[in-house]
Amino acid sequence: MTQYDAIAEAYQDSKQLPFRKAIERYTLFEALGDVGGMAVLDLACGGGYYTRLLKRAGAASVTGVDVSPEMIRVAEREEARTPLGCSYLCRDVADLQPNPGTVDLAVAMYLLHYAGAPGKLLRFLRVCHDALRPGGRIVGFNDNVMRPPRGTVSWRKYGLEKTGPLSAPNEGDPIHYRFTNPDGGRFEFHNFFLKPETYHDAFRDAGFDDFRWLGVSLEPGERNNPFWDDFLANPPVVAYSATK
Ligand SMILES: C[S@@+](CC[C@H](N)C(=O)[O-])C[C@H]1O[C@@H](n2cnc3c(N)ncnc32)[C@H](O)[C@@H]1O
């Protein structure tokens, strides 16, 4: 059983928090540009929130991959309720053996910080690199490893709290997340810290040219709303991209 099996429904509900749409979803789709006609892999797809959005945005095919059977069950239930043609695979991304060079875009929303060790991070990225055609991209979100929490840091008004070690974290240290959903439901999970330079090294060693952290951006309609100031001053999560 994976940690997400116990929180699959609550995690899906957290997609209703305002930052998911105004920052996470907006930043991702700004970074992606036009996905029309693309063959897409959605790695660590969870309940398929982005798998479905990518398909609705015009991708020719989207395959979601997740290690949690319960997350995949939620994704398949949504596909059964509203068929969009998304397909799903319950698998550790490290064990995938994709057809080489067949994918235009790998989306990896909150996958890489589950590596826990540099070797597994490199394995995730080698899988992506193998799958992508030349010029294909990997785009995703990650824990903001540039600003690890010292002890507990609260983004409470956004529904989020994080806890890390009191001193500078070491490779593989857990970072705990606590969410409070709009309906008051609470749930927790953890991922694993790796240094920013470990990410740079792993992307380079996997064969990617131009890995970079993209930060976050706020959807235009919210830009005069001071509610977002604290999030933007200290983003708990960040986007990244790289090209094969
Ligand atoms: C924070 S959730 C993100 C889900 C989805 N991408 C989203 O943004 O809604 C992280 C997901 O990563 C999955 N995961 C963690 N390690 C994985 C691995 N090695 N292979 C595949 N999925 C993994 C978890 O099961 C969980 O569903």
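Read-outs: derived from the displayed coordinates by stated rules, not from any lab. As the structure is a prediction and not an experimental result, all values here were calculated from the model. Using ideal geometry, Cβ is built from the backbone for each residue, glycine included, and neighbour counts are taken over all protein chains shown.
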Of (1) within 13 Å of the ligand (Cβ to nearest atom); (2) farther than 17 Å from G46 by Cβ; (3) in contact with a helix residue (DSSP H, G or I) (Cβ under 8 Å, 6 or more places away or on another chain), D95 fails just (3)
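Let's see how each residue does on (1) assigned to a strand (DSSP E or B); (2) surrounded by 18 or more Cβ atoms within 10 Å (Cβ to Cβ):
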site: P83; (1), (2): no, no
site: Y88; (1), (2): yes, yes
site: P100; (1), (2): no, no
site: L105; (1), (2): yes, yes
site: K120; (1), (2): no, yes
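A quick yes/no check of all residues on (1) under 21 Å from A115 (Cα atoms); (2) small (G, A, S); (3) without any contact (Cβ under 8 Å) to a residue 24 or more places away in the chain:
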{"site": "F19", "(1), (2), (3)": "no, no, no"}
{"site": "D92", "(1), (2), (3)": "yes, no, no"}
{"site": "D95", "(1), (2), (3)": "yes, no, yes"}
{"site": "T102", "(1), (2), (3)": "no, no, no"}
Could you figure out which of (1) within 12 Å of the ligand (Cβ to nearest atom); (2) under 21 Å from G135 (Cα atoms) isn't true of E24?
-> (2)
Restrict the check to the range 181-199 and report whether at least one residue is closer than 17 Å to V238 by Cα, more than 16 Å from the chain's Cα centre (by Cα) and part of a loop (DSSP other than H, G, I, E, B).
-> yes
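From T198, T180, which residue is of a type in the set (S, T, Y) and more than 16 Å from the ligand (Cβ to nearest atom)? I'd like the intermediate steps shown before the answer.
Details: T180 fails: more than 16 Å from the ligand (Cβ to nearest atom).
Going through T198, T180 in turn, the sole match is T198.
State all residues of the range 45-83 that are on the phi > 0 side of the Ramachandran plot and near the ligand (Cβ under 9 Å from one of its atoms); if no residue qualifies, say none.
In the first step, residues of the range 45-83 are kept if they are on the phi > 0 side of the Ramachandran plot; the result is 46, 48, 58.
If the condition is that a residue be on the phi > 0 side of the Ramachandran plot and near the ligand (Cβ under 9 Å from one of its atoms), then G46, G48 are the ones that fit.
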Return a yes/no flag: does the range 144-157 have any residue that is surrounded by fewer than 20 Cβ atoms within 10 Å (Cβ to Cβ), under 25 Å from Y49 (Cα atoms), touching a residue at least 60 places away in the same chain (Cβ under 8 Å) and not small (G, A, S).
-> yes
All positions within the range 197-233 that are touching a residue at least 40 places away in the same chain (Cβ under 8 Å), aromatic (F, W, Y) and crowded, with 17+ Cβ neighbours inside 10 Å = Y199, F203, F208, W228, F231
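Do the conditions hold for D34, that is, is it within 13 Å of the ligand (Cβ to nearest atom) and either charged (D, E, K, R) or in contact with a Cys (Cβ under 7 Å, 6 or more places away or on another chain) (or both)? Even if it seems obvious, please write down each step before you answer.
Working: within 13 Å of the ligand (Cβ to nearest atom): no; either charged (D, E, K, R) or in contact with a Cys (Cβ under 7 Å, 6 or more places away or on another chain) (or both): yes.
For D34, the condition - within 13 Å of the ligand (Cβ to nearest atom) and either charged (D, E, K, R) or in contact with a Cys (Cβ under 7 Å, 6 or more places away or on another chain) (or both) - is not met.
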